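One structure is given below, encoded as structure tokens.
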Amino acid sequence: MLPVKLHLPVRMLPQPDETTCGPTCLHAVYRYWGADEPLTEVIARTRKLEQGGTFAVFLACDALRRGFEATIYTYNLTVFDPTWFRPGVDIAERLGLQRQAKSERRLGHATEGYLEFLALGGRLRFTDLSRTLIRGLLRRGLPILTGLSSTFLYRTAREYGPDDHPDDVRGTPGGHFVVMAGYDRKARGVLVADPYGPHPYGPSHEYWIKIDRVIGAVLLGIVTHDANLLVIHPPRGGTGSERHEHPHRRQQPA
């Protein structure tokens, strides 16, 4: 019988500044799998964008370089064409051709990241974002790191200026990273481990929220060039799997 409620032991630290939510979430996932290291080291080696922040694919590349496996479920149509996920299509080749045809700077950075991700053995998935998908991953003990729209998640004003001050007129939507760490089937909720604070849902770095709100926020993450689910886990067997094994259970990878 499927569990009605699930809570994975993801321990989230507060992010040190406005732009380090991504590596802080990555650090929490590493700790979940028993691979602890100082947060400062994860932040220091995370590739950053010129305007601050990072992309989920850069976090995935770090995990792959450390011996983990990584799968990205993408909903970012600014980077990927749906037809690329048909059998026989070389996604790396299509990404390269798109880079030659389009000059948008952020797209170029994302493309570099995805080409490295694929070269390192990362897996891409293009499938419907649903409650079933999210609960299925979590039920297998896999926390979900996601790049989403903080403006939609928090229902706060858009952001303006170098310090991202709230400004409902001049502002633009903000992006953010959180980790989904549990679900409540009866309440149709999902547990969010959030490095940011203070946020509208209380002082804790964990809170329950309607799963439909999170799904909407993930899809709207396309506005800030993410819109994805990132699943990181130890390799299935082979050298190094014991080093990253969660101390309380063995899990099946995605």
Task: Cα coordinate range in the chain, projected on the principal axes (Å, largest first) - done: 48, 44, 35
TODO: Could you state, as a whole-number percent, how many of the C-alpha pairs of the range 103-152 are farther apart than 16 Å?
DONE: 63 percent
Open item on the list: If each residue of separation counts as 0.36 nm, what is the full-extension length gain between Ala157 and Glu104 once their alpha-carbon separation is subtracted?
Closed with: 16.4 nm
- [ ] First measure r as the distance between the Cβ atoms of Arg185 and Glu93, then evaluate 1/(1 + (r/R0)^6) with R0 = 41 Å and state the FRET efficiency to the nearest 0.05.
- [x] 0.50
Open item on the list: From zero outward in steps of 10 Å, how is the percent of C-alpha pairs of the range 40-153 spread across the bins?
Closed with: 12, 41, 38, 9, 0
TODO: Run the quick spin-label model on Glu37 and Asp167: label points 7 Å from Cα toward the beta carbon, then report their separation in nm to one decimal.
DONE: 3.8 nm
TODO: Could you tell me which of rounded, prolate or oblate describes the range 37-92, using a ≥ b ≥ c as the square roots of the eigenvalues of the alpha-carbon gyration tensor, with rounded for a/c under 1.5 and, failing that, prolate when a/b is larger than b/c and oblate otherwise?
DONE: oblate
- [ ] Quote to one decimal, in nm, the extra length available between Arg236 and Thr83 on full extension: 0.36 nm per residue of separation minus the C-alpha distance between them.
- [x] 52.1 nm
Open item on the list: To make sure I understand, if each residue's beta carbon is the centre and we count other beta carbons within 10 Å, what order do Thr146, Thr132 fall in, fewest to most?
Closed with: Thr132, Thr146
Task: the range 123-237 pair-distance distribution - Cα-Cα, 5 Å bins, rounded % - done: 2, 11, 21, 24, 19, 11, 7, 3, 1, 0, 0
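Here, each number is a calculation from the coordinates, and none is a lab measurement. The model shown is predicted, which means the values in this text are computed figures rather than measured ones. Cβ: placed from backbone, ideal geometry, glycine included. Neighbour counts: every protein chain shown.
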